[in-house]
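Visitor: Before we start, here is the structure in question, set down as structure tokens.
The values are calculated or read from the model by the stated rules, or taken from the named source; none is laboratory data. If you're wondering where the values come from, they're calculated on a predicted model, not measured in any experiment. Please note: Cβ atoms are built from the backbone with ideal geometry, for glycine as well, and neighbour counts cover all protein chains shown. The area values use the complete protein model at the heavy-atom level, side chains included, leaving out ligands, DNA and RNA. Shrake-Rupley method; radii C 1.70, N 1.55, O 1.52, S 1.80 Å.
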Amino acid sequence: MKASLIRYASAAAVIIGFAASARAEQGETAYEFLNIPTSSHVWGLGGTNIAVIDDDITLTDANPALLGPEIDMQLGVNYMLYMGTSNFAGIRYGMAAGERGAWAAGIRYLNYGSMTEYGSDGVAMGSFAPQDVVFEGTYAHDITDRLRGGINFKMIYSNYADYNAFAMAADLGINYYNEETDLSFSVVLKNMGGQLKRFDKDYDRLPFDIQLGYMQSLGTSPFAISITASHLTKWKLPYYTHDKDDPDKQQVLKNNFGSDLFRHLIFGLQYQPSEKFYAALGYNYKRSTDMSLYHRNFLSGFSLGLGLKVKSWAMGVSYAMPHPGGSSLMLNLSCGIGELLY
């Protein structure tokens, strides 16, 4: 029954993806905020990681197959101060569904601060606060003792001054985890779907992505490495940079095999001496090179994260600099409600 449920849900997600894509016309990709994680653990490992194994409800946003019955009656909240006045927050709750399944529900709110609105004549018309709201529902099921599949449905409402839009999307994920070797491998189809209500005359496409993730401990040491491949729907990812030898030349196009390869990859290193504590370091080459046009500093592309568990409580914090003009700080707090009650 439960295995059939996830098959039907997966089929529904694929139908949503194809139907919405057919309606997308020629609109540009939008909704990039869907790629901002809600997990400080993920943010600390480079911003994209779909294979990290932890009893953490906030990981289900990165990969619905990371949800499981071990995350029972857990409540998680997240907050991010993102580049200046932007504030992102969310809450998610998960429960076991039998011995091999689990479900979760959550909401995310993204506020980008106050902005000034101008008319076509250039006259200021007042201020407005653009915002996005995402409602999410997740289900995961253990297919075998080492293989788990999951699906995450998202309803997305955006309001920017006098314009608003509504979209639906789904993530499909699968994770293989060998506890004996501490090897985790995942595949995720991200943001399948599209707009049901447009901002204006054109449809905007969602940032559909195919992601692969690998993470494994280094022998018996407390260290683990992770490699995540993203943006796999498009091989060539050219970018512009300044020519240091010719200051008058503003932009130089970088487009070669090595650059394209590494712009698809995010690297992570984790130190976890016990289940109670971890420290994470990530490097995102694409994020670093995206900032090359703005004379990025050394920290661009790097991220740091720390996590601590005390009884039924877990806390996480991470820092990254996604833009030379501002940094981001993310905080997570989760609680096992069942452990508090019993």
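Visitor: For the structure I just gave you, tell me whether SER292 is at pLDDT 85 or above and open to solvent by less than 70 Å² (accessible area, probe 1.4 Å).
Guide: Taking the combined requirement at face value, the residue does not satisfy it.
Visitor: State all residues of the range 203-216 that are under 19 Å from the mean Cα position of the chain (by Cα) and either open to solvent by 60 Å² or more (accessible area, probe 1.4 Å) or at pLDDT below 90 (or both); if no residue qualifies, say none.
Guide: Scanning the range 203-216 gives ARG205, PHE208, LEU212, TYR214.
Visitor: So, one more: Can you find a residue that is among the β-branched types (Val, Ile, Thr) and open to solvent by less than 10 Å² (accessible area, probe 1.4 Å) anywhere in the range 39-48? Step through it out loud before you land on a result.
Guide: Let us first name the residues in the range 39-48 that are among the β-branched types (Val, Ile, Thr), namely 42, 48.
With open to solvent by less than 10 Å² (accessible area, probe 1.4 Å) added as a condition, the list becomes 42.
Yes, there is a match, as at least one residue in the range 39-48 is among the β-branched types (Val, Ile, Thr) and open to solvent by less than 10 Å² (accessible area, probe 1.4 Å).
Visitor: Moving on. Is there a residue in the range 117-132 that is surrounded by 22 or more Cβ atoms within 10 Å (Cβ to Cβ), out of contact with any Ser or Thr (no Cβ under 9 Å at 6 or more places or on another chain) and not polar (S, T, N, Q)?
Guide: There is no residue in the range 117-132 that is surrounded by 22 or more Cβ atoms within 10 Å (Cβ to Cβ), out of contact with any Ser or Thr (no Cβ under 9 Å at 6 or more places or on another chain) and not polar (S, T, N, Q).
Visitor: Search the range 302-315 for residues that are surrounded by fewer than 16 Cβ atoms within 10 Å (Cβ to Cβ) and pair each with any residue that is not in a strand (DSSP E or B) when their beta-carbon atoms are under 7 Å apart and the residues are at least 6 apart or on different chains.
Guide: Close Cβ pairs (under 7 Å, with a partner that is not in a strand (DSSP E or B)) amount to LEU308/LYS276; SER312/GLU339; SER312/LEU340.
Visitor: Which residue is surrounded by the most Cβ atoms within 10 Å (Cβ to Cβ), if the candidates are limited to the range 92-106 and must be hydrophobic (A, V, I, L, M, F, W, C) and in contact with a Lys or Arg (Cβ under 8 Å, 6 or more places away or on another chain)?
Guide: Filtering the range 92-106 for residues hydrophobic (A, V, I, L, M, F, W, C) gives 95-97, 102-105.
When the remaining residues are screened for being in contact with a Lys or Arg (Cβ under 8 Å, 6 or more places away or on another chain), the result is 97, 104-105.
Working: ALA97: 18, ALA104: 24, ALA105: 14.
Once the filter is applied, the top-ranked residue is ALA104.
Visitor: Follow-up question, since we're still on this one. Could you check the range 148-171 and list, in sequence order, the residues that are in a strand (DSSP E or B), open to solvent by 10 Å² or more (accessible area, probe 1.4 Å) and touching a residue at least 24 places away in the same chain (Cβ under 8 Å)?
Guide: ARG148, PHE153, TYR157, ASN159, TYR160, TYR163, ASN164, PHE166, MET168
Visitor: If you don't mind, there's one more thing I want to ask. Check the range 81-91 and report whether any residue there is in contact (Cβ under 8 Å) with a residue 40 or more places away in the chain, open to solvent by 60 Å² or more (accessible area, probe 1.4 Å), in a strand (DSSP E or B) and of a type outside the set (Gly, Ala, Ser).
Guide: Scanning the range 81-91 turns up at least one residue that is in contact (Cβ under 8 Å) with a residue 40 or more places away in the chain, open to solvent by 60 Å² or more (accessible area, probe 1.4 Å), in a strand (DSSP E or B) and of a type outside the set (Gly, Ala, Ser).
Visitor: Kindly provide the set of residues from the range 257-290 that are over 19 Å from GLN211 (Cα atoms) and of a type in the set (D, E, K, R), ordered by number.
Guide: The answer is GLU275, LYS276, ASP290.
Visitor: Still on this structure, please answer the following. Restricting to the range 175-202, count the residues that are more than 22 Å from the chain's Cα centre (by Cα), closer than 28 Å to TYR160 by Cβ and part of a strand (DSSP E or B).
Guide: Looking only at that region, the number is 2.
Visitor: I would also like to ask the following. Could you tell me whether the range 221-228 includes any residue that is of a type in the set (A, V, I, L, M, F, W, C) and part of a loop (DSSP other than H, G, I, E, B)?
Guide: Filtering the range 221-228 down to residues of a type in the set (A, V, I, L, M, F, W, C) leaves 223-225, 227.
If we keep only those that are part of a loop (DSSP other than H, G, I, E, B) as well, we get none.
The answer is no; no qualifying residue exists.
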